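Please treat every number below as a calculation from the coordinates, not as lab data. Keep in mind that what you see is a predicted model, and the values were worked out from it rather than measured. We place every Cβ from the backbone using ideal geometry, glycine too, and count neighbours over all the protein chains shown.
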Amino acid sequence: MSDRIPVAPLLSVQGLEVNIQSPKGAVYAVRGADFEIRRGEICGLVGESGCGKTITAKSVMRLNPEDRVVYGGRITYEGTDLLALPEAGMCKVRGQQIAMIFQDPLSALDPLQRVGKQVAEVYRLRGLGRREAAEKAVEMLADVGISPAAERARAYPFEMSGGQLQRVMIAMALAAGAELLIADEPTTALDVTVQAQILALIRELREKRGTSVLIITHDFGVVAETCDRVMVMYAGRIVETGTAAEIFHAARHPYTRDLIASIPQKGVKPVAIPGAPPDLREVIRGCAYAPRCCRVQERCMHETPEAADGAACFFPEVRP
Amino acid sequence: MNRRERMRSFFTVPVLLSVAFLLAVLLVSVFAEQLAPHDPDTLDPASVLAAPSAEHPLGTDPSGRDLLSRLIFGARSTMLSAFLVVLISAAAGIPLGMLAGYRRGILDKVLMRLCDAVLSFPSLLLAFVLVAAFGRGIGNVVLSLGILYVPMLAKLTRSLVLVESGKLYVEAAHATGFGGAHILLREILPNIFSTLLIQLMLDVGYAILDLSAMNFIGLGVQPPTADWGAMLQSARIHVKNAPLVALSPGILIVLTVVAFNILGDGISAYLDPAQRKLPSIKRFKKALLRRDPDADPGSKVLPRTRKAGEEAAHE
């Protein structure tokens with residue numbers, strides 16, 4: 001553990017709080033999330049539905065409706081505090097620094113434009129001429145594995161399959177020149193073989209271009225296959241961070257252990273986690289997982305555990 | 001389906017009939033002087049409400065004027081003023097609605113309450129007020145009606161923009177770093193355009209009817225100017241003894257409105273690539289140049305050796 005070289009991370013999120021104002025009262029969707037993404041790293045962010053994964057990702061790109069969202073904490077990208085950046089500066093970060101791909105690529109593309117044109121528009125945004133942009137778009141489509149690229153560039157989104165469209169989305173992100181790609185459940189809408197191809201493409205990007213990737217998912221299969229490092233989120237906080245192997249085989253936080261035990265596996269009966277996640281409209285005292293935790297003690301009900309050696313827990317599983 | 005079949009299925013009988021009818025109305029209104037058998041304003045007290053004859057193909061009106069000639073000249077006045085009303089309302093209503101729907105906030109609230117205020121009055125009543133302020137005459141009536149059509153169009157545009165803004169492709173465009181103007185004009189506008197087009201076509205019909213009401217009261221075109229709406233209103237008391245005089249302008253109004261609606265539906269279907277049955281304009285041109293209607297450049301598999309950028313350069 002002592003041989004870590006201190007390199008400034010590409011993205012650093014410190015004490016992020018996201019508070020969504022709604023007519024029914026405020027929702028504390030993210031409650032002090034801390035994490036960082038290093039250059040050329042593929043990071044996974046896992047957790048059950050509604051734990052704040054997508055809100056966290058959108059906060060990094062400031063895509064949440066700004067009139068209804070209050071941020072706290074810091075999001076630092078290459079030394080710039082993104083939360084303090086004016087909207088005009090943020091426009092330069094979006095796409096050119098950080099890009100995002102979505103769960104449903106068909107609805108994430110303009111239905112009325114040919115896909116090649118949409119990729120070309122991204123090049124146009126970066127100042128290229130019409131002709132040059134169109135040529136580069138076809139090259140980029142070929143790069144992400146669409147063939148024959150010149151012909152498929154003339155297709156409309158509804159004429160392409162989900163896997164192809166996700167490739168187009170990735171092509172747009174790369175065309176913009178992003179160094180960090182946020183993939184919000186990129187393979188959920190795809191079947192398993194196509195899923196594997198898209199994940200292979202994402203790994204290839206990292207190898208070839210050194211792109212950092214943040215994959216948001218609730219599928220541990222995706223994590224195991226792709227990620228260098230995994231962050232587990234619960235009720236708006238990162239409860240455990242570790243390498244994929246650590247999380248799978250030697251998780252320390254009780255929530256991670258329970259989560260992995262609940263995955264259906266061959267020959268093992270999955271164990272459901274009792275209870276339900278906390279209501280994010282309420283203030284949580286103590287550890288958010290305490291009411292469902294099997295190792296809960298008196299202290300967990302009053303104090304909020306800080307992350308120590310990867311796990312935010314007072315009584316973590318001790319590694320052998 | 002090859003191209004010939006696709007084109008055949010777009011040019012359905014209703015669309016073809018509408019296009020033919022509207023083209024005929026357009027040509028007649030442009031060449032009214034050459035086509036009309038008589039001067040539309042010459043009175044002939046000797047033959048009032050005459051039956052159709054060789055001299056007067058559709059008979060004469062209550063003042064003895066040739067009905068066919070009046071219908072031909074009426075087309076010009078009616079079509080031109082109805083188009084202008086819709087054009088004025090579109091020029092103001094669509095941009096305002098787009099801004100309100102995209103920017104939201106205080107601008108949206110102020111604009112929409114203004115629209116509500118205008119819509120809370122009967123529109124013809126407000127038109128009277130505006131014409132009273134501007135002065136009578138067809139120009140001012142057109143302007144007034146154009147202004148009064150703005151709120152509905154602005155509200156429709158705003159709600160369409162609201163729906164589109166919530167869609168993922170707009171968020172994705174935002175995440176790619178496109179600015180507001182690009183998203184609004186290049187992504188949202190094309191996607192709401194087909195719905196707006198249908199509304200504009202409907203508005204042409206409403207405008208013809210509202211204009212005729214204004215003309216009837218005498219605020220718009222002044223007698224003896226020929227106008228379908230004015231003719232319909234002035235001849236309606238003779239519908240029993242001379243049905244042709246009263247019905248012919250009405251039938252023309254109905255046919256024009258229906259033709260516009262059918263054409264609007266056809267065009268909006270063409271604008272959606274998933275529904276499109278006709279080749280795009282570019283391919284259409286290419287096909288015409290090549291004089292080979294069965295060649296389809298889109299579905300031809302390119303030889304592998306061809307350089308990647310080449311095809312796109314044709315775009």
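When you work out D = kT/(6 pi eta Rh) for the protein assembly as shown at 25 °C and 0.890 mPa s, using the Kirkwood radius from C-alpha pairs as Rh and the Stokes-Einstein form, the result is 83 µm²/s.
Summary of the geometry: the stretch A:127-185 and the stretch B:73-89, compared by the centres of their Cα atoms, lie 46 Å apart. Given Cα positions, please report Rg to Rh for chain A, the hydrodynamic radius being the Kirkwood one. Taking Rh as the inverse mean 1/r over Cα pairs, Rg/Rh reads 0.99.
Averaged over peptide A:135-141, the number of partner chain Cβ atoms lying within 10 Å of each residue's Cβ comes to 4. Gaussian network model of chain A, Cα springs within a sub-10 Å range: biggest mean-square fluctuation belongs to which of A:24, A:92, A:117? Highest fluctuation of the listed residues: A:24. Peptide B:175-185 has a mean of 6 when you count, residue by residue, the C-beta atoms of other protein chains within 10 Å of its C-beta.
Just to be sure I understand: if I project the alpha-carbon convex hull of the stretch A:209-320 onto a plane and average over all orientations, what area do I get in nm²? Let's see the in-between values first.
Working: hull surface 34.1 nm².
Computing the convex hull of the Cα atoms and averaging its projections yields 8.5 nm².
Would you work out the charge dipole size for the protein assembly as shown about its Cα centre, treating the Cβ of every Lys and Arg as +1 and the Cβ of every Asp and Glu as -1, and quote it to the nearest 20 debye? Intermediate results must be reported in sequence, preceding the final value.
Working: 68 positive and 63 negative charges, 146 e Å.
Approximately 700 debye in magnitude.
Working note: Karplus 6.51/-1.76/1.60 with θ = phi - 60° gives the stretch A:78-90 the couplings 6, x, 9, 7, 5, 6, 9, 6, x, 4, 5, x, 5 Hz, where Gly and Pro are set to x. When peptides B:210-221, B:134-145 are ranked by their average number of other Cβ atoms within 10 Å per residue, the highest-first order is B:210-221, B:134-145.
Computed over the stretch B:3-278, relative contact order equals 25 percent, with contacts defined as Cα pairs under 8 Å that lie 6+ residues apart.
The packing ranking of peptides A:130-142, B:121-133, highest mean first, is A:130-142, B:121-133, where packing means the average number of other beta carbon atoms within 10 angstrom of each residue.
What does the charge count near residue A:18 come to, summing +1 for each Lys or Arg and -1 for each Asp or Glu among other residues with Cβ under 15 Å from its Cβ? Net local charge, residue A:18 excluded: +4. GNM remark for chain A: springs join alpha carbons under 10 Å apart, and the peak mean-square fluctuation among A:129, A:163, A:242 falls on A:129.
Taking chain A as a Gaussian network, where each spring joins two C-alpha atoms under 10 Å apart, which residue of A:29, A:261, A:88 fluctuates the most? Checking each option, the largest mean-square fluctuation is seen for A:88. Label sites at residue A:308 and residue B:159, each approximated as a point 7 angstrom past Cα along Cα to Cβ, lie 5.9 nm apart. Taking the alpha carbon gyration tensor of the stretch A:142-274, multiplying each eigenvalue by 5 and rooting it gives semi-axes of 32, 17, 12 Å, largest first. Considering only A:103, A:142, B:13, and ranking their Cα positions along the charge dipole of the protein assembly as shown that arises from unit charges at the beta-carbon of Lys, Arg, Asp and Glu, the one farthest toward the positive end is A:142.
Projecting the Cα atoms of A:176, A:22, A:55 onto the charge dipole of chain A (Cβ charges, centred on the Cα centre) puts A:176 farthest toward the positive pole. 3J(HN,Hα) along the stretch B:126-140: 5, 4, 4, 4, 5, 5, 4, 6, 7, x, 6, x, 5, x, 6 Hz, from the Karplus curve 6.51 cos²θ - 1.76 cosθ + 1.60 with θ = phi - 60°, whole Hz, x for Gly and Pro.
Ranked by the mean number of other Cβ atoms within 10 Å of their residues, highest first, the peptides B:17-28, B:59-70 come out as B:59-70, B:17-28.
Legend: mean number of C-beta atoms from other chains within 10 angstrom of residue C-beta atoms, peptide A:149-155, equals 5.
Here the Kirkwood formula puts the hydrodynamic radius of the stretch B:130-283 at 18.6 Å, using every distinct Cα pair.
Considering only the other residues whose Cβ falls under 12 Å of the Cβ of residue B:111, what net charge follows from Lys and Arg at +1 and Asp and Glu at -1? All intermediate terms of the calculation are to be shown ahead of the outcome.
On the way: positive: B:103, B:104, B:109, B:113, B:155, B:158; negative: B:108, B:116.
Summing Lys/Arg as +1 and Asp/Glu as -1 gives +4.
The label-point distance for residue A:104 and residue B:44, in a model that sets each label 7 Å from Cα toward Cβ, rounds to 6.8 nm.
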